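Please read the structure below before turning to the comments.
Read-outs throughout are calculated quantities, based only on the coordinates presented, and are distinct from any laboratory measurement. Quantities reported herein were computed from a predicted structural model and do not represent experimental measurements. Positions of Cβ are generated from backbone atoms using ideal geometry, with glycine treated the same way; all protein chains shown enter the neighbour counts.
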Amino acid sequence: MLTNNYRNLVRDAADHAKRWSDGSDHTVAAALRTRSGATVLGLNTYHFLGGPCGEVSALSNHAASRPDDAIVAVAAAYGAAGDVIAPCGKCRQILFDLDPGIECVVRTANGLTSLAARELLPFGYDWRAVEAPQRIYMWEGYESTIRDGSKRQTIRIDDPFRPGPAELMFEKTSGETVTIAAEVTAVRAVARDELSEDDARRDGFTDLDALHRALDQHYPGLAAADQVDIVSFTIA
């Protein structure tokens with residue numbers, strides 16, 4: 001279900017499509033809603049080499065007319081009927097790059113609704129994340145041993161990290177998320193059967209058997225010869 005503002009945005013996109021669609025080169029219209037409540041329109045241009053989509057055209061018009069008025073939502077419509085369509089993959093990535101929170105009007109089984117760009121592109125390339133400290137997700141039961149210094153490393157499988165700034169993330173069953181600033185100091189790759197008693201103690205376990213029991217719990221089916229990464233860290 002849409003808000004009245006988004007219903008008006010859909011109407012603007014549909015009216016623009018109905019007015020200018022020619023059935024060949026110009027078939028998709030888009031309407032952007034800005035933070036101030038203004039609407040910016042755009043129209044696609046088809047070309048066999050690849051032409052701008054309606055959303056990209058609207059983004060260009062926005063950049064040329066009100067670049068300081070942030071975009072909060074977008075709706076696109078197709079053809080003379082003005083049917084609402086979802087952004088294509090390229091447009092989803094562009095909108096995500098501008099702001100993952102931009103709302104996109106889409107049609108679902110229950111009618112029109114709006115979803116944030118991040119919801120339409122859950123695994124999109126996020127340049128913001130690349131520039132941020134790497135995140136290491138931890139089981140909440142390890143928080144106390146990390147804080148008291150008895151756990152100074154984590155063993156990871158298919159979860160690569162590198163030396164440098166990091167954030168240790170604890171997503172708790174209560175719904176709370178706790179973050180601890182950290183620094184990855186070293187990453188060492190070994191086979192599981194090469195892990196030592198010292199590795200176990202640095203990981204906060206009493207002995208190597210306890211570490212292997214934990215690995216079996218976290219990574220069922222992990223074989224003795226499988227490679228693991230030992231990620232050493234310090235906390236701020």
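What the table shows:
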| quantity | calculated |
| --- | --- |
| Residue (of 175, 234, 127) at the positive-pole extreme of the chain, dipole from beta-carbon charges | 127 |
| Cα centre as origin, Lys/Arg/Asp/Glu Cβ charges: segment 166-236 dipole, Debye | 120 |
| Under 17 Å from residue 172, Cα to Cα: aspartates and glutamates that are on another chain or at least 8 residues apart | 140, 143 |
| Residue (of 5, 76, 60) at the positive-pole extreme of segment 1-99, dipole from beta-carbon charges | 5 |
| Loop-resident sites, segment 142-236, for trypsin sites (Lys or Arg not before Pro), counting at most 15 other Cβ within 10 Å (DSSP) | 172 |
| Distance between segment 27-57 and segment 165-189 - C-alpha centres, whole angstrom | 41 |
| DSSP-loop chymotrypsin sites (Phe, Trp or Tyr not before Pro) across segment 123-200, with at most 15 other Cβ within 10 angstrom | 123, 125, 139 |
| Vicinal HN-Hα couplings computed from phi for segment 226-231 (Karplus, 6.51 cos²θ - 1.76 cosθ + 1.60; Hz; Gly/Pro x) | 5, 7, 10, 9, 9, 9 |
